[in-house]
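K.L.:
The structure is given below, and queries will be raised subsequently.
The values are calculated or read from the model by the stated rules, or taken from the named source; none is laboratory data. Small disclaimer: the values here were computed from a predicted structure and weren't measured. Reconstructed Cβ throughout: ideal geometry from the backbone, glycine too, with neighbour counts over all protein chains shown. Quick note on the areas: whole protein, heavy atoms, side chains included, nothing else; ligands and nucleic acids left out. Shrake-Rupley method; radii C 1.70, N 1.55, O 1.52, S 1.80 Å.
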Amino acid sequence: MSATESTKEKMLEAATILFTSKGFHGTSIREIAAKTGVNISLVSYYFGGKQGLLEALMTDFLEGYMSELEQAVKVTHTDAYEKMLYMAERSLTYMQQRHLRARFVLREMTLDSTLIREITSTYLMKEKHLYSIVLKKGIQEGTFAPIPVSWTIMQFRGMVIMPYLHHQYVREVFHLQPQQPHFITVYRKELREWACKVLLREQKKKQEPAAFAANANEQQADYVHP
């Protein structure tokens, strides 16, 4: 990474922290520059100002997120069921490694603005398309039941992003820490069980004992408490 790229990434990290804790409008360019340890003029030089920094932060995160989904869809040695779970796992791992940025970006995407509408039409429509490819393939090959594709995408995607969109809820109500590595081990079991019950045809469910292997006590022991 060049010195310029390193400086820009530090600005993005500083902005992520400040935007998350103080909000976009409550954060000044001066604060971002001070936290990064650079001259205030560099924020405008590299990003064109605070709005440009916000856009760069969000598109950088979403480009990486979409790349994870695209790579998962390209995997050829798994059936549609395993591919859906693999897409979820890659997404979860990506968000966990950037949990603060994921939290901010996902929260920002619940607002209505020109930027968010552009992001929705670009990135989220592509996300829907990738999930549709896998779900339709699973239905065609007889792995999945004839489920409503659009609603299933909404449910499945909601489960994948929920721990990072509602981090405080997961932490305070369920006493789980989504930023800790062990969380994905726990959550993977829940996703697999849900996917087995909702996606698979009845005859396929009988071939999926792993989804129900852990009893309630074992699952409780896996939970990570604060």
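K.L.:
Among the residues of segment 32-44, which ones are in a helix (DSSP H, G or I) and loosely packed, with under 12 Cβ neighbours inside 10 Å?
P.N.:
Within segment 32-44, Ser41 is the sole residue that qualifies.
K.L.:
Applying the selection to segment 30-69, what residues are of a type in the set (D, E, K, R) and touching a Ser or Thr at 6+ places or on another chain (Cβ under 8 Å)?
P.N.:
Across segment 30-69, the qualifying residues are Lys50, Glu68.
K.L.:
With the structure loaded, tell me whether Leu124 is open to solvent by 10 Å² or more (accessible area, probe 1.4 Å) and within 13 Å of the chain's Cα centre (by Cα) or whether it fails that test.
P.N.:
yes
K.L.:
Let me ask something else about it. Failed condition for His25, given (1) surrounded by fewer than 15 Cβ atoms within 10 Å (Cβ to Cβ); (2) part of a helix (DSSP H, G or I); (3) of a type outside the set (Ser, Thr, Tyr), with all others met?
P.N.:
(2)
K.L.:
Asp79: in contact with a Gly (Cβ under 8 Å, 6 or more places away or on another chain) and either of a type outside the set (Phe, Trp, Tyr) or surrounded by fewer than 15 Cβ atoms within 10 Å (Cβ to Cβ) (or both), yes or no?
P.N.:
yes
K.L.:
In this structure, does Leu100 turn out to be farther than 15 Å from His129 by Cα, at pLDDT below 95 and either in contact with a strand residue (DSSP E or B) (Cβ under 8 Å, 6 or more places away or on another chain) or open to solvent by 60 Å² or more (accessible area, probe 1.4 Å) (or both)?
P.N.:
It is false that Leu100 is farther than 15 Å from His129 by Cα, at pLDDT below 95 and either in contact with a strand residue (DSSP E or B) (Cβ under 8 Å, 6 or more places away or on another chain) or open to solvent by 60 Å² or more (accessible area, probe 1.4 Å) (or both).
K.L.:
Of everything in segment 169-193 that's part of a helix (DSSP H, G or I) and open to solvent by 60 Å² or more (accessible area, probe 1.4 Å), which residue is nearest to Lys206 (Cα to Cα)?
P.N.:
Once the filter is applied, the top-ranked residue is Lys189.
K.L.:
Then there is this: Taking segment 45-76 only, how many residues are buried (at least 19 other Cβ atoms within 10 Å of the Cβ), free of Cβ contacts under 8 Å to residues at least 60 places away in the same chain and touching a Leu at 6+ places or on another chain (Cβ under 7 Å)?
P.N.:
2
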